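Chemist: Got a structure for you, questions after.
The values are calculated or read from the model by the stated rules, or taken from the named source; none is laboratory data. The model shown is predicted, which means the values in this text are computed figures rather than measured ones. For neighbour counting, all protein chains shown are included, and Cβ atoms are generated from backbone atoms with ideal geometry for every residue, glycine included.
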Amino acid sequence: MEVERDQTVSSPTIPIVDLSNLDKELVARAVVKASQEWGVFQVVNHEIPKELIQSLKKVGTHFFELSSEAEKEAVATPANSKDIQGYVTNSQQDIEDKVDRVDHLFHNLPPPTSVDYRYWPKNPPEYRQVNEEYARQVKKLAEKILGWLSEGLGLDREALFNQGFGGGEKAVYTMKINYYPPCRPQANLVLGMEPHTDIHGLTLLVPNEIPGLQVFNDNQWFDVEYNPSVINILIGDPIWRMSNGKYKNVLHRTTLNTEKTRMSWVVLLKPPYDMVIEPLTKHTGDGDEAPKFKPITYGEHVERKVRDKLQKRS
Ligand code: OGA
Ligand code: NI
């Protein structure tokens with residue numbers, strides 16, 4: 001019997017990589033391929049306990065839903081702060097205001113060089129312990145992924161983390177919690193977050209069960225399916241530059257829901273501000289090709305992106 005053509009053509013979906021596969025070369029190749037073709041992938045069997053992810057979501061939801069305004073104010077980003085850390089609310093802006101319609105809380109994660117507990121919610125009391133444990137686990141995962149990405153460029157395992165992000169003492173890990181309240185009735189007219197590529201290097205994201213994240217590939221938007229077992233990995237601008245464009249900095253956006261609140265927990269890995277971002281491939285076989293990017297410090301890169309965004313809005 002002939003199978004109808006349409007039935008056999010499955011639309012491409014975001015790559016899923018099973019980290020428990022014993023053939024680590026296969027895992028590495030899958031991570032590299034996904035980063036080249038999509039700039040985003042989902043990892044399963046990542047060894048971060050399900051219960052820990054549930055607790056992370058529980059304590060963060062508690063802060064956004066149960067804290068008083070005074071408690072939120074207590075961790076607000078100070079006016080004119082150069083640092084992104086703290087709580088900011090933008091979800092209730094007028095539709096005409098071209099801002100991302102999301103409330104967020106940023107705070108750096110240990111090591112002690114960058115952490116500042118002033119920006120960590122005091123409530124619930126277990127917030128700190130849960131986030132510290134999640135940070136420990138998610139960092140191991142991030143560094144594993146950077147190892148595979150380094151090897152995929154013909155570099156040593158540690159190259160991206162040490163030369164690109166400054167290594168264990170300097171690389172900055174930040175928690176960002178996004179809170180998107182329902183938007184009625186205009187949910188179809190506005191986005192939660194406008195299309196963007198991530199300023200920082202690597203993004204490790206877990207959402208709540210409300211869909212909304214979309215990624216762009218091959219000229220179309222794809223929904224990122226919710227699956228409680230996966231961690232979503234997105235490649236940001238610095239890795240795109242360090243890889244001389246080999247790994248994609250995926251364009252993504254979020255939609256709003258008319259009924260339900262969407263939340264996401266994002267760990268971002270970024271280089272220190274004075275770190276020079278440039279193709280690391282220049283001394284490898286791959287690096288025979290001319291560098292596509294001029295060296296730029298991470299701080300300059302951030303300033304440029306922020307300036308471009310403000311200009312678009314005006
Ligand atoms: C971001 C982002 C997506 C999401 O915070 O940069 O893209 O799902 N978040 O909230
Ligand atoms: Ni993003």
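Chemist: Could you count how many residues in the stretch 54-86 are more than 18 Å from N208 (Cβ to Cβ) and touching a residue at least 24 places away in the same chain (Cβ under 8 Å)?
Modeler: 7
Chemist: Sticking with this structure for a sec: Can you tell which of S67, S55 is surrounded by 18 or more Cβ atoms within 10 Å (Cβ to Cβ), at pLDDT below 95, within 28 Å of T261 (Cα to Cα) and not aromatic (F, W, Y)?
Modeler: Going through S67, S55 in turn, just one is surrounded by 18 or more Cβ atoms within 10 Å (Cβ to Cβ), at pLDDT below 95, within 28 Å of T261 (Cα to Cα) and not aromatic (F, W, Y): S67.
Chemist: Out of the stretch 243-268, which residues are more than 14 Å from ligand 1 (Cβ to nearest atom) and in contact with a Phe, Trp or Tyr (Cβ under 9 Å, 6 or more places away or on another chain)?
Modeler: If the condition is that a residue be more than 14 Å from ligand 1 (Cβ to nearest atom) and in contact with a Phe, Trp or Tyr (Cβ under 9 Å, 6 or more places away or on another chain), then N244, G245, K246, Y247, K248 are the ones that fit.
Chemist: Determine, yes or no, whether E25 is of a type in the set (D, E, K, R), modelled with pLDDT under 95 and out of contact with any helix residue (DSSP H, G or I) (no Cβ under 8 Å at 6 or more places or on another chain).
Modeler: Spelling it out, it is not the case that E25 is of a type in the set (D, E, K, R), modelled with pLDDT under 95 and out of contact with any helix residue (DSSP H, G or I) (no Cβ under 8 Å at 6 or more places or on another chain).
Chemist: Which is buried (at least 17 other Cβ atoms within 10 Å of the Cβ), touching a residue at least 12 places away in the same chain (Cβ under 8 Å), within 23 Å of E65 (Cα to Cα) and not polar (S, T, N, Q), of L269, L213?
Modeler: L213
Chemist: A further question follows. Could you look through the stretch 206-235, keep only residues that are in contact with a Ser or Thr (Cβ under 6 Å, 6 or more places away or on another chain) and within 11 Å of ligand 1 (Cβ to nearest atom), and pick out the one that is nearest to F41 (Cα to Cα)?
Modeler: My answer is L234.
For (1) at pLDDT below 95; (2) in a loop (DSSP other than H, G, I, E, B); (3) acidic (D, E), each residue gets a yes or a no:
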| position | (1), (2), (3) |
| --- | --- |
| I239 | no, no, no |
| N249 | no, yes, no |
| W265 | no, no, no |
| E300 | no, no, yes |
| L310 | yes, no, no |
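Chemist: Could you tell me how many of the residues in the stretch 11-25 are within 20 Å of V215 (Cα to Cα) and under 24 Å from the mean Cα position of the chain (by Cα)?
Modeler: The total comes to 6.
Chemist: A further question on this structure: Got a sec? Which of N232, N227 is part of a loop (DSSP other than H, G, I, E, B), touching a residue at least 12 places away in the same chain (Cβ under 8 Å) and on the phi < 0 side of the Ramachandran plot?
Modeler: Result: N227 is the single residue among N232, N227 that is part of a loop (DSSP other than H, G, I, E, B), touching a residue at least 12 places away in the same chain (Cβ under 8 Å) and on the phi < 0 side of the Ramachandran plot.
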